[in-house]
Structures are given as structure tokens and as C-alpha cells.
Amino acid sequence: MKLLVQKFGGTSVQNTETRANAIEHIKSAVLEGYKVVVVVSAIGRHPQPYATDSLLELVGFPNTNISKREQDLLLSCGETISSVVFSNELKEQSLSSIALTGAQAGFVTSKDFTEAKIKAMEVGRVRKELKEHDVVVVAGFQGATEDGEITTIGRGGSDTSAAALGAALDADYIDIFTDVEGIMTADPRVVEDAQTLDVVTYSEICNLAYQGAKVVHPRAVEIAMQAEVPMRVRSTHSKDTGTLVTSSRDDVKGKDIPDRLVTGIAHMSGITQIKVEANEEPYHLQSEVFKVMAEAGISVDFINISPTGVVYTIPEIYTEDAVELLDKLGYKPFLEKNCAKVSVVGAGMTGVPGVTARIVQTLTDAGVQILQSADSHTTIWVLIRQDDLVPAVNALHQTFELNVQ
């Protein structure tokens, strides 16, 4: 059986017109001999009535009396409604279709309401329905525990749902449909001449996604990578095949793929840098600071530890909480607010000398001060001030010739 898993997000299913575009992709796949499992998000975005944030608004979130269990019951309605509406419109186009909830499609999850983990995929029902129908429409973002409690798997969960189904069903491709043509070399809202990439590796898109590129959820990419199922990031509004995500660019036949040093530039805003200097016992400082951050659920990044203190970053929204916690420990932190993290990502930079030097020189020439830096085999990160974000990303994009296809 030739099989595709195709995921359509909220903006792709928000109205009759956008759903018609999505249905054209499904009809084309069926004409090519594929069976199609479609994963849908809730319809549209706030303030549309069935969007996730609109449903939360019904109970006055975040000032609400409902439990996380009840919150999952409420939020699962958005995707369930979307799956039935979408399946109905497929039938109107003479496609044989059936809608399933996440639980009916075999998602067995943990009991961590609002952030459940997928424990098992029992896809016998989906396989059975595929024998009788052209299309099975599955409500994304949701599943159920072994004892039948409805759960949701966190924001970005529809991407993860699609990847999990693609892996369990051994699909030919997992297609993630979005508003853009594919994965781009930078955010087009920041870099006007950002280009669409034909091919990226799983590791590259994971790094881009974790560092701020919001085209596909990194957990979904990890699932596809482990199962070795190719993923395509495509536009709902175009017939182009978009960006192929695969194990290696060398695996792609029939395409002249450039041997690029850098694949893309990602960025994240809303970051605060915290410096804490030791009083008399520096070793106690190191353990105390990170322990109290962890216990408060504050994620830390860009960590530098020295004998005299620590430097790290946190999401800006947690700044006041962090300062209060450090003050209780007797420390007076130095803050650098309104920072941004810029990430230069590329599998081609592994083992290549001089990449960091080019980044530093580029930012120096652009008048951008580097507050911190870190690196791995495929990514180099720099922390800068928020006001320098646009010139920094554009300068790096030009230096590594990402504006040239």
C-alpha cells in the first residue's frame, strides 16, 4: 500500500477556501495511487470560535477552576470538530473518508495532562479503515491513557501526531503543510531575500526548530528521523514539493544539491542574561543557582561556569521570578534584559576551521556586540542585544551567501 501522512495546521483548515486547497493536495495523492492519513489541527486561530486559545477563553484561562484533566477534555474538542468538518468536505468531493479521534487512531499516552507523552501506537483501526476508505482524517494533538482518559500532547502536537502515525504506518512520506513554501534560510520577516531550501538533514532542521524556526516541531522531526521516514515541509497554497527532510543530502537522487557550509540562520527573542558572582564559596553558588532554577521550572541556556561565578540566560518572562529566587539565596544578579539568540546552523561546518572567526568578524563589522557564545558540531550560537537582531541576522545571511540559490 502506497501511503502518505499529511498534516494540515490551523490556518490551513480555518475556512472553506483554505480547506479546499488542502483537499486538492489529498485528491492529487489519491489519483497517484496513495492512501492518505490526514492529521488536522483545530480550526484557525483566536478569535475563531474553535481555535485552541478560543476554547481556553471559554473557561477564563489562565484564571480558571478547571483541572488539567478537564482542560484536555475541552481542548481535544477543537481537533475533533476539525476532523469531522474536514472529513465531511472530503466526502463532498467524492473521496471516501472517515474521521477518528486520536484515541481511536491508536495514540496511547502517559497521564501527564496537557503535556502527555506518546507511549505506544496501536494503529490496527487505522489500517482497517484504510482498506475501506481513501482517506482517514485523524484529530491531531490528542490521545488517551490506557484507562481511557483523554489527553493532549502539548503545543505543536499535531506535527508530532503526524510523525508518530507516519512512523507506525511506515509511510512513504510525512507531509507537513504550512503557510510557507518550505524551510527557509532565515525568517522572511527579518531577511527579505531568504530562500527556500530544497533539502535539509534531520539534524539541521532539529537545530533550526529548537533555535527558533517555527515551521515544524522538533519532536516530530526526531520521530521521523528515528523511523527513517522522509518528511516534506510544503505550502498548502502551492503544488511544489517544498523542502525534503532526510538523513543525508547525499541520499537525494536527481537533484544538484550544493555542498553548503551553513544551512540557515535562526533566532529567538525575549531573553534575559543573568550574571551571578560568588561571595565566599563559589562551589556552593554553582550548585545552588541551577538547583533553584530547576526546582522553579525555569529553563536555563547559554551556561558559562567559572571559579568566580556563573552566567546564563532565561526566557524574559521569568526574569522577576529568577531575581526573587536568587535574592533569597543572598545573591545580587547582574541583568542584561532585551537580548536575542542568533544561531548559525549547518551540517557542513562540522570540522571546518574558521567558521566562528567569520561570524565574529561579520558581527563586528556590523557594529553588533556579542554578549556570549557557544557551539556544537553543527550550530554556533551568539547572544546579542535585541536591537541588533535584524542587522545581525541579515549580515550573517549575506556572509554565508544564503541569499544565493
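The values are calculated or read from the model by the stated rules, or taken from the named source; none is laboratory data. Note that the coordinates shown come from a computational prediction; the quantities given were computed from them, not determined experimentally. Here the Cβ is made from the backbone with ideal geometry for all residues, glycine too, and neighbour counts use every protein chain on show. SASA here: full protein model, heavy atoms, side chains in, ligands and nucleic acids out. Shrake-Rupley method; radii C 1.70, N 1.55, O 1.52, S 1.80 Å.
When both residues are 6+ apart or on different chains and their Cβ atoms are under 7 Å apart, which pairs have a first residue that lies in the range 291-319 and is within 15 Å of Ala340 (Cα to Cα) and in contact (Cβ under 8 Å) with a residue 24 or more places away in the chain, and a second that is assigned to a helix (DSSP H, G or I) and open to solvent by less than 70 Å² (accessible area, probe 1.4 Å)?
Taking only residues 6 or more apart or on different chains, the pairs are Ile314/Ala322.
Might you check whether a residue that is assigned to a helix (DSSP H, G or I), in contact with a Phe, Trp or Tyr (Cβ under 6 Å, 6 or more places away or on another chain), of a type in the set (A, V, I, L, M) and under 30 Å from Gln71 (Cα atoms) occurs anywhere in the range 195-211? Break it down into steps so the answer makes sense when it comes.
We begin by selecting, within the range 195-211, every residue assigned to a helix (DSSP H, G or I); these are 202-210.
Checking the rest, the ones that are also in contact with a Phe, Trp or Tyr (Cβ under 6 Å, 6 or more places away or on another chain) come to none.
There is no residue in the range 195-211 that is assigned to a helix (DSSP H, G or I), in contact with a Phe, Trp or Tyr (Cβ under 6 Å, 6 or more places away or on another chain), of a type in the set (A, V, I, L, M) and under 30 Å from Gln71 (Cα atoms).
If a residue must be in contact with an Asp or Glu (Cβ under 9 Å, 6 or more places away or on another chain), part of a loop (DSSP other than H, G, I, E, B) and crowded, with 24+ Cβ neighbours inside 10 Å, how many such residues does the range 128-174 contain?
Of the residues in that region, 3 qualify.
So the check is Cβ under 8 Å with 6+ separation or different chains; which pairs have a first residue in the range 386-405 that's closer than 17 Å to Arg189 by Cβ and a second one that's part of a helix (DSSP H, G or I) and open to solvent by 40 Å² or more (accessible area, probe 1.4 Å)?
Every condition considered, the pairs that remain are Ala395/Asp365.
Those residues that are assigned to a loop (DSSP other than H, G, I, E, B), modelled with pLDDT of 85 or more and open to solvent by 90 Å² or more (accessible area, probe 1.4 Å), I need them from the range 220-260; list them, please.
Those that are assigned to a loop (DSSP other than H, G, I, E, B), modelled with pLDDT of 85 or more and open to solvent by 90 Å² or more (accessible area, probe 1.4 Å): Glu228, His237, Lys239, Asp240.
Provide a single number: the residues in the range 160-200 that are at pLDDT 95 or above, within 27 Å of Ala51 (Cα to Cα) and among the acidic types (Asp, Glu).
Summing the residues that are at pLDDT 95 or above, within 27 Å of Ala51 (Cα to Cα) and among the acidic types (Asp, Glu) in the range 160-200 gives 1.
I'd like to check something: does the range 317-334 contain any residue that is in contact with a strand residue (DSSP E or B) (Cβ under 8 Å, 6 or more places away or on another chain), in a strand (DSSP E or B) and over 20 Å from Met268 (Cα atoms)?
Within the range 317-334 (the criterion being in contact with a strand residue (DSSP E or B) (Cβ under 8 Å, 6 or more places away or on another chain), in a strand (DSSP E or B) and over 20 Å from Met268 (Cα atoms)), the answer is yes, since at least one residue qualifies.
Report whether or not Leu326 is out of contact with any Ser or Thr (no Cβ under 8 Å at 6 or more places or on another chain), farther than 19 Å from Thr185 by Cα, among the hydrophobic types (A, V, I, L, M, F, W, C) and surrounded by 13 or more Cβ atoms within 10 Å (Cβ to Cβ). It would help to see each step written out before you state the result.
Numbers: out of contact with any Ser or Thr (no Cβ under 8 Å at 6 or more places or on another chain): yes; farther than 19 Å from Thr185 by Cα: yes; among the hydrophobic types (A, V, I, L, M, F, W, C): yes; surrounded by 13 or more Cβ atoms within 10 Å (Cβ to Cβ): yes.
Judged against the criteria, Leu326 is a match.
Filtering the range 195-212 down to residues that are among the aliphatic types (A, V, I, L, M) and surrounded by fewer than 24 Cβ atoms within 10 Å (Cβ to Cβ), which residue is farthest from Val345 (Cα to Cα)?
The initial filter retains those residues of the range 195-212 that are among the aliphatic types (A, V, I, L, M), namely 197, 199-200, 205, 208-209.
Next, only the ones that are surrounded by fewer than 24 Cβ atoms within 10 Å (Cβ to Cβ) stay: 199, 209.
Working: Val199: 14, Ala209: 10 Å.
This residue is Val199.
Of all residues in the range 387-405, which are more than 15 Å from Val344 (Cβ to Cβ), aliphatic (A, V, I, L, M) and assigned to a helix (DSSP H, G or I)?
Correct list: Val390 only.
I'd like to check something: does the range 86-93 contain any residue that is assigned to a strand (DSSP E or B), open to solvent by 10 Å² or more (accessible area, probe 1.4 Å) and farther than 26 Å from Lys214 by Cβ?
Of the range 86-93, the ones assigned to a strand (DSSP E or B) are none.
Within the range 86-93, none of the residues are assigned to a strand (DSSP E or B), open to solvent by 10 Å² or more (accessible area, probe 1.4 Å) and farther than 26 Å from Lys214 by Cβ.
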